[in-house]
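Each remark here refers to the structure printed beneath this line.
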């Protein structure tokens, strides 16, 4: 059974190679995922999100580090994704704090924390900067991300 360091390294080194299968092999089948862009995803939805992001990535690079084990179940790390946002062609550098919970050699919970306002400012330009702090606008971003994910899942 892999330890938490191995799982975290496997997850992010797979992501660096845009290998969604390698990433999702680190997840339990009923994983719970949350981030500001997609909201709450469970199981196949979370795994499909990583597959979609890997398939659609443009000019992508990723770094990660600062792995810390908080107790017997929880770990955290920092990672930065740099890519071109496909809808606008704008460059995004997203700095993220991941929190993970582990059981039976798998990631069972994963949440990514980042500023959706900062992301929107980079990805969407002036409108993202102007409105990215607004809950209505943030829900619009989240609804769009979830709609894209559902379309992706239906198309497979």
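Quick note: the coordinates plus some simple rules give every number you see, no bench work behind them. None of these values were measured; they are calculated from a predicted model. Ideal geometry is used to build each Cβ from the backbone, glycine not excepted, and the neighbour counts take in all protein chains shown.
The condition of being surrounded by 13 or more Cβ atoms within 10 Å (Cβ to Cβ), under 14 Å from the mean Cα position of the chain (by Cα), touching a residue at least 24 places away in the same chain (Cβ under 8 Å) and not in a strand (DSSP E or B) holds for residue 149. Filtering segment 77-90 to residues that are under 14 Å from the mean Cα position of the chain (by Cα) and either over 13 Å from residue 58 (Cα atoms) or in a loop (DSSP other than H, G, I, E, B) (or both) leaves 77, 78, 79, 80.
Of all positions in segment 91-113, none carries a residue that is more than 18 Å from residue 10 (Cβ to Cβ), in contact (Cβ under 8 Å) with a residue 12 or more places away in the chain and outside any strand (DSSP E or B).
Could you tell me whether segment 7-21 includes any residue that is part of a loop (DSSP other than H, G, I, E, B), surrounded by 15 or more Cβ atoms within 10 Å (Cβ to Cβ), in contact (Cβ under 8 Å) with a residue 40 or more places away in the chain and at positive phi? Taking every residue of segment 7-21 in turn, at least one turns out to be part of a loop (DSSP other than H, G, I, E, B), surrounded by 15 or more Cβ atoms within 10 Å (Cβ to Cβ), in contact (Cβ under 8 Å) with a residue 40 or more places away in the chain and at positive phi.
Just to verify a result, which residue in segment 32-46, among those that are crowded, with 19+ Cβ neighbours inside 10 Å and touching a strand residue (DSSP E or B) at 6+ places or on another chain (Cβ under 8 Å), is farthest from residue 21 (Cα to Cα)? Here the residue is 36.
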